[in-house]
Every structure is written in structure tokens, then in C-alpha cells.
Amino acid sequence: MDRRKNLNFNRGLARSIAHRSTAEGPMAEGFSTIELMIAMTIMVLVLTAVILVSFGNQSFLIGSQTNAEAMKIAQRLLEQEQALARKDFNLVNSIPQATEDIYKKEVFVKLLPDFLTKEVKALITWKDERQLDKTLELTTLIANFETPVGGNTCDSTLSGDWTSPQIKNSVTDFATLVGDPDGVYTLSDVDAYKNKLYVTADSATDSESSTTLPTLFVFDVSDPTDPDHKGDTDNAPTATLGLNAVRVSEDPAGKTYAYAASNTSSDYSTCDPVANRACGQFVIFDVSNQNNPSWATNLKVTSLTPVTGTNTGQSIFYKNGYVLLGLSSAAGPEFHIVDMHNPDSWFGGAHLLYPVGSFEVGNWINEVAMRGTYAYLGTPNTQELQILDLTNPNSPALAGGFSDGSGNGKGMYLVGNNLYFGKTTGAGDDLFILDNTNPGATLPKLGGFDIGSSVNDIIVRDYFSFILTNNNLEIYRTDDPSNISFSVSIPLPASGSATEPSMDCEGNNIFVTSNDGSGRGELYIISTP
């Protein structure tokens, strides 16, 4: 409307000037020409302003449209990460830069200090119609709702150069680290949880031949270059045999417990767990005070089908208030589900352990893991991987598995629909990537690799798999199961003991224990430069 008024005004002004030129005669011609030029100038200025406003509005509309499109892309990226988290927290990882239309998109993921929450940032960049750089960021927090306590604290997003890993701690001799340089501690397992490292020894001797030797050790590893030994305790006074496996968790009140599989091989047909602390395949420690961890109770497994013989605890797994315990070959079931929602209820004389449910494998259980309502067991059986359906925890049932026909089932790691599975060395592949979409069936093989050594433990972080063999920590690229490729190897100076090495991860650090031929343990903290 304003532009129409301006145009009408200019037309009227021009007609007025023309009329004056005719009416006033020659004397007015000079003035009328000047007035006409002024009028034309005014009209040009008005039209120019109209054109600038018009083009300015077009630029604003284009800018609003590109901003809205960038916002939609960022929101979609965050929604995709949230969907992955509901499936598996380990799938929430950084995404390298890619191009979509005029936009460059990228996702950055950062594990927060609680080890159970990830900060996810979507970054969108583009150039506007004037070739100026534009940026849009959206950030959200994603929590690990599947295992809010006692969960895996490893950072699945890789950081630093893992093609050149380094041993960070200069002192690796375990006896020296715990202040007993002449002692021989044969290390069996390690569990990292919230800047603390829990290490178990399956046997221990020292220069004084003491009858009470520590078998559970606590370190502060907030500085990976200098692990600080805080405290230790034993599982049985007079026993030189200790623990085979450990997992740590908290209760709602904030107390911290270490659940351990015992290496003491009492005759469980006759031993009395009240009179003899060595009589118990399952041991609970109170480690709330890192400077003074303490034995809480030992539990002898019993069930409707009694467990007898000289079996030991071999493997252990914790998830959401339940402990999965695997025994060595026993006369009776080797797999047990233990309710640990209230650990204190077991203290003070409750030395008989009645599991929620049990299952007889007929062999040792080297490794145990859990996802959803399924338990995954690594065994020396012909079917090296056995999968149990725990929908009814009182009656676990064999549902699926995998067999390669040679070797013993050992290390395993679950990420999304993939199960990374390792076995002792034998003919063919030692490392397998299996499709775990349907755990209630024989798992299809997606890919494999002949490492040429036993796969004792596996940790998967984004596109890298960390494989612990008898002699090395080896890193493989495994994001394409059909094209597994070797990346780098870190020799473990101490190797060759009958007790195999163990491994865990927290943040960006890998923790490895190993033993030399005489059973003397070493502790390595491995990270990037």
C-alpha cells in the first residue's frame, strides 16, 4: 500500500510539473526541467528502496528455511542416538562428518565422569546465499537405563590414537605395587568401577609364608600413570588359594560390594561353610571403604539338585540386582542365578546359597554374560556357546548357541545385535562375530578371524575390538564382520602361566593382568599417547 501511494504521489508530481511548464511559458522551462529531474530522482530512490526491501525479504526467507532444515537434521541425529541407546548404550558413539545436501553433519559423544551418562552433540554447518559460514548445535544427555548400577563403565567412543597404544604405568610388577616385592601373586581377574580397580589373585605366597594372604586388592586409578594401592583383604584365613573372578556394584544406599567366584576347592559334599570360610564357591566383600575392604560372607551353593564334589567358582556376572555364577565341572548344576537386591541379607550366618534358578551344563563355565532375558555361557562343550532363556528365572532353559567344533568357549562381548565370541586356539578361526538378533536359535556367523592364539577376553569399542591372547593385547578393526583386519599388538612381558590373563576397561583406559611362567603377576594400564 505504501509503495502504491509513493508511485501515485510521484505520478501526480510529474503531471503538476508538466502542467506548470505549459502554463508559465518559456521563463518557467528552466525551473520545470530542474523540478522534473528532482521528481525523477525521488522516484528512483523510492523504487530502489522498494526493490531492496523486496530482495531483503527474500534473503530472510531463504535464511529461515535453511535454519529450519538444519534444525531438522540435528534433531534427527539426536533421535537416532537416543534410539540406539534404548537398544544398547554401547551403540551411542561419535559419527564422523558427512554431507547432506548443502549441509555438513557430525555427531560428538562424550562419556561424563559418572561413566553412565553420555553428552551427545549434533553439529550442522553450511554456507548461506552470501557464502557466509553458518553453524547450528543441538546437545542432549543420554543415560544408561539398562544397567544404572554396576554397569560397564568403558567408553565405547574411541578417543586418541589407538593405533599407537601405550602402557601408562611405569611400575607393572604387582607385588611391588602392593608393597610386597618378594611376594608371588598370581592374578586371575580385574574389574574397573568408578575410578577404582579391583584385582583378584587365585593364589598368593610371600617371603614369610604367611597363612593369611590378601586375595582381593583395591586401587585408585584416577591417575593411570600411578595406580595407588588403597587396601586389600583375604577370602579365607589359612587358604593359599584365592579368587577366580570378580564383579563390583553398589546398592541403593551407596554401599559398594565385590562379588567373587572362589578358587577354594573344598569337598562340597561334606564341608561346613559356617566353620570353614574356604567352603564357599561364592564370596561377598564389602568394599565401601576402599582403604579397608573386608570379607562379608562365603556362600556354599545348594539347590534342589545338590552341588557336590571339589568344584570351584569360575566365572561371574552382575546385572541389575542379580549375580550369574558359573562353577567348574560339578556333580550337579554349574550355572546359578543369585538374587543380590539386598546383599546385607546374606550376612551374619547365612552361609548356604539357594539360587533363584540353576542349570546343569555338564562342564566348566569359563565365561558368563547376560542381555535381556538371556544368559550366554562359554564352555568346553562341543557347543562352545550355550544360550539360556531366563524368562522364568526359576527354570532356565537351553534356547540357542553356537558351535565351531573345536576349542573351548572363552571371551565374549555383546554390542547391539552382534556377539563377539572367542575360544581357545584350535583349527580354524579363534574370533567370531555372530548375529545375535535371535538368541533362541543357533547364531549365524557374520565373520571370523584366525588369531592363532586363545582369545581369553574381548572388549569392543566402536569399530575396534581389543583381543587378549596368552601373550598380547591385540587390536582388530571389526566394524565390517566380513573383513576383519589386524591393527596393532602390545606384547605382555609376563606370560606363560597356567592362569590366563584378564582384562577390563573404564573410560579410555584398558586394564590388563598377566602372569609369568612362575605365576608372578603384572598389572598394565593401557591407553593412548
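Laboratory data are not the source of any read-out in this text; all were calculated from the coordinates shown. No experiment lies behind these values; they were computed from the predicted model shown. Here Cβ is always computed from backbone atoms with ideal geometry, including for glycine, and neighbour counts include all displayed protein chains.
Less than 27 Å apart at the alpha-carbon level, and either on another chain or at least 8 residues along: which lysines does that give for LYS134? The qualifying lysines are LYS72, LYS104, LYS105, LYS110, LYS118, LYS121.
The length gained on full extension between SER345 and ASN392, counted as 0.36 nm times the residue separation minus their Cα-Cα distance, comes to 14.6 nm. Take every pair of alpha-carbon atoms less than 8 Å apart whose residues are at least six positions apart; their mean separation over the length of segment 195-297 yields a relative contact order of 24 percent. Mind checking the full-extension length gain between THR437 and TYR354? Use 0.36 nm per residue of separation minus the Cα-Cα distance, one decimal, nm. Here the answer is 26.6 nm. All other residues whose Cβ lies under 13 angstrom from that of SER453 are scored, Lys and Arg at +1 and Asp and Glu at -1, for a net of -4. Residue-normalised convex hull volume from the C-alpha trace of segment 149-191: 134 Å³ per residue.
In sequence order, segment 258-265 has phi-based couplings of 10, 9, 10, 8, 7, 9, 7, 10 Hz under the Karplus curve 6.51 cos²θ - 1.76 cosθ + 1.60, θ = phi - 60°, and Gly or Pro positions carry x.
Peptides 386-397, 272-283 ordered by packing proxy, namely the average of other Cβ atoms within 10 Å per residue, highest first: 272-283, 386-397.
What is the fewest-to-most order of GLU137, GLU384 by other Cβ atoms lying within 10 Å of their Cβ?
Listed from fewest to most nearby Cβ atoms, that is GLU137, GLU384.
With the highest mean first, a sort of the peptides 288-301, 256-269 on other beta-carbon atoms found within 10 angstrom per residue produces 256-269, 288-301. Counting charges near PRO148 (Lys, Arg +1; Asp, Glu -1) among other residues having Cβ under 15 Å from its Cβ returns a value of -1.
Hey, with R₀ at 22 Å, roughly what FRET efficiency would SER222 and TYR463 work out to, going by the Cβ-Cβ distance, to 0.05?
0.20
Distance between the pseudo-spin-label points of ALA253 and ASP479 (7 Å out from Cα toward the beta carbon): 4.7 nm.
Available extension along the chain between THR373 and ASN67 is 105.7 nm, counting 0.36 nm per residue and deducting the alpha carbon span. For ASN418, the residues 5 or more places off, or on other chains, whose built amide H falls under 5 Å of its own are ASN436. A simple count of charges around THR478, restricted to other residues whose Cβ falls under 12 Å of its Cβ and scoring Lys, Arg +1 and Asp, Glu -1, yields -2. Legend: calculated FRET efficiency, ASP128 to LYS445, from the Cβ-Cβ distance at R0 = 51 Å, rounded to 0.05, equals 0.50. Amide H to amide H, with H built 1.01 Å from N, GLU360 comes under 5 Å of GLU334, counting only residues 5 or more places away or on other chains. Taking packing as the residue-averaged number of other Cβ atoms within 10 angstrom, the listed peptides 506-515, 175-184 run from highest to lowest as 506-515, 175-184. Here the residues GLU367, GLU81, ranked from fewest to most Cβ neighbours within 10 Å of their Cβ, fall in the order GLU81, GLU367. With N the number of residues in segment 382-529, Rg(Cα) / (2.2 N^0.38 Å) evaluates to 1.08. Quick one: which residues, 5 or more positions from LEU431 or on another chain, have an amide H under 5 Å from its amide H? H modelled 1.01 Å from N in the peptide plane, none for Pro or chain starts. Answer set, sorted by chain and number: PHE449, ILE451.
Among all the lysines, which ones have a C-alpha under 19 Å from LYS255's C-alpha, if same-chain residues fewer than 8 places away are not counted? Reachable lysines: LYS194, LYS196, LYS230, LYS319.
Applying 1/(1 + (r/R0)^6) with r as the Cβ-Cβ distance of THR139 and THR163 and R0 = 30 angstrom yields a FRET efficiency of 0.55. Working from label points 7 Å from Cα in the Cα-to-Cβ sense, the ASP182 to PHE108 distance is 5.5 nm.
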